[in-house]
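So the structure is just underneath, and the comments pick up after that.
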Amino acid sequence: MGPPPNERGPGMSETGDVAAARLSAADYGKNFGDVKPPLDRARALVEASRCHFCYDAPCIAACPTGIDIPGFIRKIGTDNVKGAAVTILEQNIFGGSCARVCPTEILCERACVRSAQEGKPVKIGALQRYATDDLLARGIQPFRRAAATGRRVAVVGAGPAGLACAHRLSMLGHDVAVFEAKTKPGGLNEYGIAAYKLTDDFAQREVAYVLSLGGIALSCGKALGRDIELAGLRRDYDAVFLGLGLGGVNALGLDGEAMKGVEDAVAYIERLRQAPDKAKLPVGRRVVVIGGGNTAIDAAVQSKRLGAEDVTIVYRRGPEQMSATAHEQEFAQTSGVGIKHWARPVAIVGRDGMLTEVRFEYTKLDPAGRLVGAGGGFALRADMLFKAIGQVFVPAPLGDGTAEPLRLSQGKIGVDAERRTSLSKVWAGGDCVAGGQDLTVSAVEDGKRAALSIDRALRKGA
Amino acid sequence: MADLRCSFAGIKSPNPFWLASAPPTDKEYNVVRAFKAGWGGAVWKTLGEAGPPVVNVTSRYGAIEVGGQRMVGFNNIELITDRPLEVNLREIKQVKRDWPDRALVVSLMVPCAEDAWKTILAVVEDTGCDGVELNFGCPHGMSERGMGSAVGQVPEYIEMVTRWCKQHTRMPVLVKLTPNVTNILGPARAARRGGADAVSLINTVNSITNVDLDRMAPMPTVDGKGTHGGYCGPAVKPIALFMVAEIARDPECAGMPISGIGGIATWRDAAEYLALGAGSVQVCTAAMHYGFKIVDDMIDGLGNWMDEKGHGDLSAIVGRAVPNLTDWQHLNLNYQLVARIDQAKCIKCGLCHIACEDTSHQAIRDIRADGQRRFEVIDAECVGCNLCMHACPVPGCIDMVEVKTGKPHLDWTRHPNNLLRKAAE
């Protein structure tokens, strides 16, 4: 143990105060434990009783995967918890992680009529977790594979989109080979979601549950464009699903981005998620996060929970324009994170190659609605700067596309309503496709829809 | 504040709220706590003959829960008091002495023999209590021994025992009736013929509340077996209100005081009983659920409501709704209601629509426009049945409003479709 984290001599803490082990083991346990503890049966029954069992319920329409929410809640109310879980999982095989990570406040719970009635929606996410946790804990696999079709489908990417697609295809009787570039499956559930939202190795437990259906061969450490080629997959399989995710991050475009202390938020969160002992992870005493999305929130809150003293998110527009939901913004603020709006970074300042300060200018919208400097600004002392200004799709692994190009749209893969790409035999879904919501739940829906479309195509061609 | 003093069959109490004969009134300790809490009276838990007391089982209660609301319906398989007669008598005497302003009635159940009744009446009268209530209602256990509802189901027995009691005591005699009969008027009229000073009803309803699906046994379960019990609580109120009102409007029972019992938990419940002819009310399940403190709101709430409505005392409300209870054949067939949905209050749950669409008259349209849900009544299809109003979870969102038909009152007795109609006068 070093000296108490924030009580070092003035000389030592002036710059470059990036340290691990700022907290006690108990504090790490508390800070990275379940942020929303599960409902027990008594609480679940009280909450379930609040559901009005609406006709053609608005919450169902608001769920990207169309889960029969009143249906599963009614089953919870009668202690038919298995039935409830199956109702969820038959629409969304990642119902367990979605129960934990979905921004329900802008989806099902916003649509809940209890919001209109009393400003307090039914806790749909928590109830969904209650039901799905029960089934997972009991190890019940309620789904069966249909008779084998003899068809083989390649899925690239073992995130929610790819595995949802694989699971549905396997249920429909097809054999699926899943290729994953990283060493573990799960995609952002494993590498990207804030640690306190998916505790106890849930991502891996859920993947194991999904795979327990059978018929899905998972190969990790196989990257598209390196170990496997799209052309080869199209040749060797009856269909291909691309669930590639987003491989790159935006840069600030400022001098000094390579300076020590300047970090890419996505990479840092990934390291944090993979760190078995959070105490070993260094974090700055003063942390600045630039961005307005959930990655910015997650980087900021997790820094705070690692023991950072001052954490500030700076976003170039107002709270309404942040892609992080109001709920997430509030969560950051109540976690002790400050949020400054209408300012953008103009300079990264360091000493001896070590970050010391970030300078900002105020911003505003000009009459045409463009973001411009507003004159004036401020500087924030910083030991760490997280860049969280968006992720981008990296198309290079798709190949040179000389023969038959795969059409991109807004820098991502273009797909139709069935998640078909412009390339025959190739479907795509999740964060790598254009027009998506960048949500786990919409990735699952993409995978499911693609699987149904692939199944129709294969049966038609049979 | 309105005068809540109650005078019932010659028994006086500071308010009409009595505790019914049941576990809450089995001992001095409980009854004193109740009187301290403000209850106007109590009917002491049923006494039996001198000698070895009855023996009770465990468990004793069953209950149903609806949507998280506990004890909506409640049942018991407990017998009459299992304490020695002399202990009860001593305590009754003490309580009456200490609480002279409260109504203290003693419930009795002994075998159907005149001597048995004569004997118990003498010792009970000696306590100074205000009256007796003959337990002809208890539907479980004691009925197997020829008492309780076994008597209450035979009007001739009711009349006979009531007559004996009137002969052998000066105390007011209340006859407590069982609802486990096809027509409550038979027992009520028998009580009157026997000279009863009043009737009290209902006692509990034959019931099995639930089945333990693991043990495959009715609940409450006693060592793997169950037996039917007596059902009470909020769920039985409609049944009891009907029976009370039937007696209240029966010419043969005219003027006979009625103590209303069954699912009374609030002042509003009590006011409804009073309006349908009860002169006092008795409460048990609500007290067993929440404790004696509930009487505070009952007293307060009833008084405030009476003040608001300008009712000075109980006589202003007792029986006031009885003239409006009639037979179906006298209801006005030309009266027309339709449902009105207050769109400002509507939360778009669609329960009105699906209830009407699936199970009634397809009179509520499901409209989707501009991404919004909207539910509208089709007046021409609406029969004014009230279903949507009851299904709606938002109070006051759906109103039933009268449509002026301009037609005169017309009931079934004169309706053209009635082949047995009366000729027009």
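Is it the case that segment B:20-33 has a residue that's closer than 27 Å to B:Phe8 by Cβ and part of a strand (DSSP E or B)? Within segment B:20-33, not a single residue is closer than 27 Å to B:Phe8 by Cβ and part of a strand (DSSP E or B).
This table checks each residue for (1) of a type in the set (D, E, K, R); (2) modelled with pLDDT under 95.
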residue: A:Phe202; (1), (2): no, no
residue: A:Tyr209; (1), (2): no, no
residue: A:Leu213; (1), (2): no, no
residue: A:Lys222; (1), (2): yes, no
residue: A:Ile228; (1), (2): no, no
residue: A:Phe241; (1), (2): no, no
residue: A:Asp255; (1), (2): yes, yes
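Just one residue in the set A:Ala154, A:Ala158, A:Ala166 is open to solvent by less than 10 Å² (accessible area, probe 1.4 Å), in contact with a strand residue (DSSP E or B) (Cβ under 6 Å, 6 or more places away or on another chain) and part of a loop (DSSP other than H, G, I, E, B); that residue is A:Ala158. Checking B:Met243, B:Met256 one by one, the residue that is aliphatic (A, V, I, L, M) and touching a helix residue (DSSP H, G or I) at 6+ places or on another chain (Cβ under 6 Å) is B:Met256 and no other. Scanning segment A:129-144 for residues that are out of contact with any Leu (no Cβ under 6 Å at 6 or more places or on another chain) and either small (Gly, Ala, Ser) or buried (at least 17 other Cβ atoms within 10 Å of the Cβ) (or both) yields a count of 9. If the condition is being in contact (Cβ under 8 Å) with a residue 12 or more places away in the chain, surrounded by fewer than 24 Cβ atoms within 10 Å (Cβ to Cβ) and small (Gly, Ala, Ser), then segment A:268-294 contributes A:Ala279, A:Gly293.
Across segment A:65-82, the qualifying residues are those that are open to solvent by less than 30 Å² (accessible area, probe 1.4 Å) and not small (Gly, Ala, Ser), and the one among them that is nearest to the other protein chains (Cβ to nearest Cβ) is A:Pro70.
Residue count for segment B:361-376 satisfying the condition of being open to solvent by 30 Å² or more (accessible area, probe 1.4 Å) and farther than 15 Å from A:Ala116 by Cα: 10.
Identify, from the list A:Ala85, A:Ala147, the residue that is away from every other protein chain (no Cβ under 14 Å), touching an Asp or Glu at 6+ places or on another chain (Cβ under 7 Å), within 21 Å of A:Gly214 (Cβ to Cβ) and in contact (Cβ under 8 Å) with a residue 12 or more places away in the chain.
On the way: A:Ala147 fails: touching an Asp or Glu at 6+ places or on another chain (Cβ under 7 Å).
One residue alone meets the criteria, A:Ala85.
Among the residues of segment A:359-368, is there at least one that is surrounded by 15 or more Cβ atoms within 10 Å (Cβ to Cβ), under 27 Å from A:Arg110 (Cβ atoms) and not hydrophobic (A, V, I, L, M, F, W, C)? No. Within the set B:Glu86, B:Glu78, B:Glu91, the sole residue that is buried (at least 19 other Cβ atoms within 10 Å of the Cβ) and over 25 Å from the mean Cα position of the chain (by Cα) turns out to be B:Glu91. Every condition in (1) in a strand (DSSP E or B); (2) free of Cβ contacts under 8 Å to residues at least 60 places away in the same chain; (3) touching a Ser or Thr at 6+ places or on another chain (Cβ under 6 Å) is met by B:Glu65 except one, and the failing one is (3).
For the residues A:Cys112, A:Cys108, the requirement of being closer than 29 Å to A:Gly245 by Cα, in the same structural domain as A:Gly83 (by TED's automatic domain parsing) and either of a type in the set (A, V, I, L, M, F, W, C) or surrounded by fewer than 24 Cβ atoms within 10 Å (Cβ to Cβ) (or both) singles out A:Cys108.
So that you can scan it fast, the table gives a plain yes or no per residue for (1) closer than 20 Å to A:Gly430 by Cα; (2) touching a Cys at 6+ places or on another chain (Cβ under 7 Å); (3) part of a loop (DSSP other than H, G, I, E, B); (4) among the small types (Gly, Ala, Ser):
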| position | (1), (2), (3), (4) |
| --- | --- |
| A:Asp200 | no, no, yes, no |
| A:Ala203 | yes, no, no, yes |
| A:Val210 | yes, no, no, no |
| A:Ala258 | no, no, yes, yes |
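Please go through segment A:53-88 and give me each residue that is part of a loop (DSSP other than H, G, I, E, B), out of contact with any Leu (no Cβ under 8 Å at 6 or more places or on another chain) and at negative phi, ordered by number. Those that are part of a loop (DSSP other than H, G, I, E, B), out of contact with any Leu (no Cβ under 8 Å at 6 or more places or on another chain) and at negative phi: A:Ala57, A:Thr65, A:Ile67, A:Asp68, A:Thr78, A:Asn80.
Go through segment B:301-328 and give me each residue that's under 21 Å from B:Ser7 (Cβ atoms) and of a type in the set (Asp, Glu). Answer for segment B:301-328, where residues must be under 21 Å from B:Ser7 (Cβ atoms) and of a type in the set (Asp, Glu): B:Asp307, B:Asp313.
Inspect all residues belonging to segment A:305-312 and state whether any of them is touching a Ser or Thr at 6+ places or on another chain (Cβ under 8 Å), part of a helix (DSSP H, G or I) and at pLDDT 95 or above. Yes. Scanning segment A:226-241 for residues that are open to solvent by less than 40 Å² (accessible area, probe 1.4 Å) and either more than 14 Å from A:Leu169 (Cβ to Cβ) or out of contact with any strand residue (DSSP E or B) (no Cβ under 6 Å at 6 or more places or on another chain) (or both) gives A:Ile228, A:Leu230, A:Gly232, A:Leu233.
For A:Ala417, state whether it is more than 21 Å from the chain's Cα centre (by Cα), surrounded by fewer than 16 Cβ atoms within 10 Å (Cβ to Cβ), aliphatic (A, V, I, L, M) and modelled with pLDDT under 95. When the stated conditions are applied, A:Ala417 does not pass them. In this structure, is A:Ala208 without any contact (Cβ under 8 Å) to a residue 24 or more places away in the chain, out of contact with any Leu (no Cβ under 7 Å at 6 or more places or on another chain) and over 30 Å from A:Asp383 (Cβ atoms)? Taking the combined requirement at face value, the residue satisfies it.
Restricted to segment B:17-37, and to residues that are touching a helix residue (DSSP H, G or I) at 6+ places or on another chain (Cβ under 6 Å) and crowded, with 24+ Cβ neighbours inside 10 Å, which residue is farthest from B:Asp130 (Cα to Cα)? Here the answer is B:Ala34. The residues listed here are B:Val55, B:Val110; of these, the one that is open to solvent by less than 10 Å² (accessible area, probe 1.4 Å), more than 14 Å from chain A (Cβ to nearest Cβ), of a type in the set (Val, Ile, Thr) and assigned to a loop (DSSP other than H, G, I, E, B) is B:Val110. Pairing residues of segment A:113-130 that are farther than 16 Å from B:Cys392 by Cα with residues that are at pLDDT below 95 and of a type in the set (S, T, N, Q), at Cβ distances under 7 Å and at least 6 apart in sequence or on separate chains, gives A:Pro121/A:Ser115.
From the list A:Arg100, A:Arg110, the one residue that fits, being within 14 Å of chain B (Cβ to nearest Cβ), within 26 Å of the chain's Cα centre (by Cα) and farther than 18 Å from B:Gly68 by Cα, is A:Arg110. Of the set (1) in a helix (DSSP H, G or I); (2) modelled with pLDDT of 95 or more; (3) within 12 Å of chain B (Cβ to nearest Cβ), all apply to A:Val46 but (2). Of the candidates B:Ser107, B:Ser59, the single residue that is modelled with pLDDT under 95 and within 19 Å of B:Val205 (Cα to Cα) is B:Ser59. Inside segment A:117-126, residues that are within 14 Å of chain B (Cβ to nearest Cβ) and assigned to a helix (DSSP H, G or I) make up a count of 2.
The values are calculated or read from the model by the stated rules, or taken from the named source; none is laboratory data. Source: prediction; values computed, not measured. No Cβ is skipped: glycine too gets one built from the backbone with ideal geometry, and neighbour counts run over all protein chains shown. Remember, those area values only see protein heavy atoms, side chains included, never the ligands or the DNA or RNA. Shrake-Rupley method; radii C 1.70, N 1.55, O 1.52, S 1.80 Å.
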